[in-house]
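Read the structure below first, then the notes.
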Amino acid sequence: MIAFYFIALLTLASALLVVLHRNPIYSALGLVNTLFLIAVSFVMLDAELIAMLQVIVYAGAIVILFLFVIMLLNVESEVRSARISKIGTAGLAFVLLFAVELAVFALVRDPSGAQELPAGFGSTELLAETLFSKGMLSFELTSLLLLVAVVGAVVMARRKVES
Amino acid sequence: MNPYIALLISFALCAIVAGIMCGASWLLGPKVENKAKSEIFETGNPPLGSIRGIRFPVKFYLTAILFVVFDIEVVFMYPWAVVFRRLGWMGLGEMAVFVAVLAVGLAYVWRVGALEWD
Amino acid sequence: MDLLISFVLALVALLILLQLTVLLLWVERKGSALIQDRVGANRANLFGGLLPFNLGIVNTLMADPLKLFHKEDVIPKDADKFLHWLAPFIAVLPLFVTFAVVPFGDVLVIGDRVINLQAANVNVGLLFVLGMVSLGVYGVVIGGWASNSRYAFLGGVRGSAQMISYEIGMGLALVAVVLTYGTLDLQQIAREQGKLMWGVIPAWGVFYQPLALVLFFIAGIAESKRPPFDLPEAESELVAGFYTEYSGSKQSMFMMSDFIEVAIVAALVTTLFFGGWQVPYLQRDGFHFPGGFFVGVPSLVVTILQVVSFLVKLFIFCWLQILVRWTYPRMRYDQLMNLGWKRLLPIGLANVVVTAVLVLALEGFTIK
């Protein structure tokens, strides 16, 4: 329990770093850290496969892409603006709304109703069997989604090169 | 015992050792300030200045996004490979469709020359 | 007690890795000298040669790290100081930890306590290795960016593009291995290889997955950024690539990360394709030769033989990588990318599909 709060606190801290740091490279590194800590949380929830996939895909691949984009667009450190923009206000409103929602959930939900996990929960075997039987359609659709991503990226990159 | 506690111990130990090794020069080495030394090294020429604002080819970005896509594909294969024997021919069929769709993607990328570097 | 054992195992794993790295530094120098018909490093001496005898290899082993640790730590004035520090740290930390999931022996029996000779027996060890290897990219890209130098930046970008390209080939080679053994647990994979094929040949991965071995080895060498794939640090083009602006121990961390990757690739090749700690025909109670011969061996000796077997194999594959490094000339960048995307990726995919079909078609192909 203490471990959970500790990890949760660290996760929140690095998530705040992502949002608040003015240098985008630091933000990206904060994101890596956040994602890694979420993987640790997954391990504590017995979902070790998901944890490893989280590290491989999010921390190891997607944030690399972010870093490339940051370098490619060579985003300079953002200029600190004194007034809070409209987007900032909207974001703050959403944060508050979400906090209220979470609080309501925490109050309403009865933790004593939690069930014992089935044996082998979170194991690779169980997850895979579910994914390739019940989740078959979404699994196949994922491939289409990835195909669209490939084609889209190539088209965008080529347009940039030609112009 | 939970193997992840062992892993955590490993992590801590490695972090300490790596930290000490990275900091060794700072602790042990001399510290002599020198204007020429703090310049970046550009084979003896006066440095051209900061790289913030430098541009590099969009190809690297394309490589990164292709990597993300194919990495996700490979990641789906691991759980499949573990329970593969129990899934049998049905599982093979599912994966064959998945791989075929992405092979089309690879073929497309190859055809339009997005994999060419010159 | 359990915590103490894990700590000792973690320490042993780390020490094997560190010792091997330092040793490889020496082997690389002497090996390259051997290949190029030179004498190689022979000048290191303690106390300026005052000793009447030469400690030989020990001198060089100690001199290299000691020299590097005593150099000044220079940070260029325009560099991002924090990231400049962070880069070598994130370059080596994941690689150090990777070794924790590599089994270096079966079990050690002390009294009634059975110790699994692996620092952390993680169920999804193979994925852990891949995850950590993929985190290693950050060291390269951050190191290149933080230095604020053109050479370093180019090296960093080249390096990260190269590493991510070869990660896919590596992943596909490993999928074929998982198909063969049906588990992601490295210790389990090593144990499976103790069985026999047709009662004679050890069931090592190399006999089931020769193609995956070749793919994995190529991708592994490319991941370690050593020649013939050393474009991120190509001396003739980029001075020292992403670590041009590093000196002293931070530079040596980057250099070391290459050697650690050599050791990790060797460890994985050993574990996945050459039986890990397995000695052919050696079971937990002794040698079971084909034809019914049996030679009993005490448990402790079995363990020692297994650990020695692991280390010998590990060293052979490290040496093989050094041999490759001093034999082949550097590739061009387009050749490098072509090899990764147009050769390893399709061949890896085909290998997975063919393996899957074969596993289902011939039940005898699988290890029961």
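The values are calculated or read from the model by the stated rules, or taken from the named source; none is laboratory data. Keep in mind that what you see is a predicted model, and the values were worked out from it rather than measured. With ideal geometry, Cβ positions are generated from the backbone for all residues, glycine too; neighbour counts draw on all protein chains shown. All accessible areas refer to the heavy atoms of the entire protein, side chains included, with ligands and DNA or RNA removed. Shrake-Rupley method; radii C 1.70, N 1.55, O 1.52, S 1.80 Å.
Give segment A:131-150 a look and list any residue that's within 7 Å of another protein chain (Cβ to nearest Cβ) and of a type outside the set (D, E, K, R), or say none.
Within segment A:131-150, A:131, A:132, A:136, A:139, A:143, A:144, A:146, A:147, A:149, A:150 meet the criteria.
Could you check segment B:72-94 and list, in sequence order, the residues that are at the interface with chain A (Cβ under 8 Å from one of its Cβ atoms) and either in contact with a strand residue (DSSP E or B) (Cβ under 8 Å, 6 or more places away or on another chain) or open to solvent by less than 40 Å² (accessible area, probe 1.4 Å) (or both)?
Across segment B:72-94, the qualifying residues are B:72, B:73, B:75, B:78, B:79, B:80, B:82, B:83, B:87, B:91, B:94.
So which of A:49, A:35, A:29 is buried (at least 19 other Cβ atoms within 10 Å of the Cβ), touching a residue at least 60 places away in the same chain (Cβ under 8 Å) and within 13 Å of chain C (Cβ to nearest Cβ)?
Matching residue, one of A:49, A:35, A:29: A:49.
Are any of the residues in segment C:141-157 within 12 Å of residue B:71 (Cβ to Cβ), facing another protein chain (nearest Cβ under 7 Å) and surrounded by 24 or more Cβ atoms within 10 Å (Cβ to Cβ)?
Scanning segment C:141-157, I find no residue that is within 12 Å of residue B:71 (Cβ to Cβ), facing another protein chain (nearest Cβ under 7 Å) and surrounded by 24 or more Cβ atoms within 10 Å (Cβ to Cβ), so the answer is no.
Return the only residue of C:90, C:115 being touching a residue at least 12 places away in the same chain (Cβ under 8 Å) and touching a strand residue (DSSP E or B) at 6+ places or on another chain (Cβ under 6 Å).
C:115
Could you please let me know if residue C:335 is open to solvent by 60 Å² or more (accessible area, probe 1.4 Å), under 17 Å from residue C:215 (Cα atoms) and not charged (D, E, K, R)?
yes
I'd like the full set of residues that are aliphatic (A, V, I, L, M), at the interface with another protein chain (Cβ under 7 Å from one of its Cβ atoms), assigned to a loop (DSSP other than H, G, I, E, B) and open to solvent by 10 Å² or more (accessible area, probe 1.4 Å), limited to segment C:68-124.
C:74
Rundown of residues vs (1) over 22 Å from residue C:15 (Cα atoms); (2) out of contact with any Ser or Thr (no Cβ under 8 Å at 6 or more places or on another chain); (3) in contact (Cβ under 8 Å) with a residue 60 or more places away in the chain; (4) not β-branched (Val, Ile, Thr), yes/no style:
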position	(1), (2), (3), (4)
C:246	yes, no, yes, yes
C:271	no, yes, yes, no
C:286	yes, yes, no, yes
C:316	no, yes, no, no
C:327	yes, yes, yes, no
C:332	yes, yes, no, yes
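Can you tell me which residue is modelled with the lowest pLDDT among those in segment C:297-329 that are outside any helix (DSSP H, G or I) and open to solvent by 50 Å² or more (accessible area, probe 1.4 Å)?
So the residue we want is C:298.
The rows are residues; the columns are (1) of a type in the set (Lys, Arg); (2) out of contact with any Leu (no Cβ under 7 Å at 6 or more places or on another chain).
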position	(1), (2)
B:3	no, yes
B:13	no, no
B:32	no, yes
B:37	yes, yes
B:41	no, yes
B:47	no, yes
B:60	no, yes
B:65	no, no
B:68	no, no
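Which count do you get for residues in segment B:4-44 that are facing another protein chain (nearest Cβ under 7 Å), open to solvent by 30 Å² or more (accessible area, probe 1.4 Å) and among the polar types (S, T, N, Q)?
Looking only at that region, the number is 1.
Could you run through segment C:239-260 and say how many residues are in a helix (DSSP H, G or I) and buried (at least 24 other Cβ atoms within 10 Å of the Cβ)?
11
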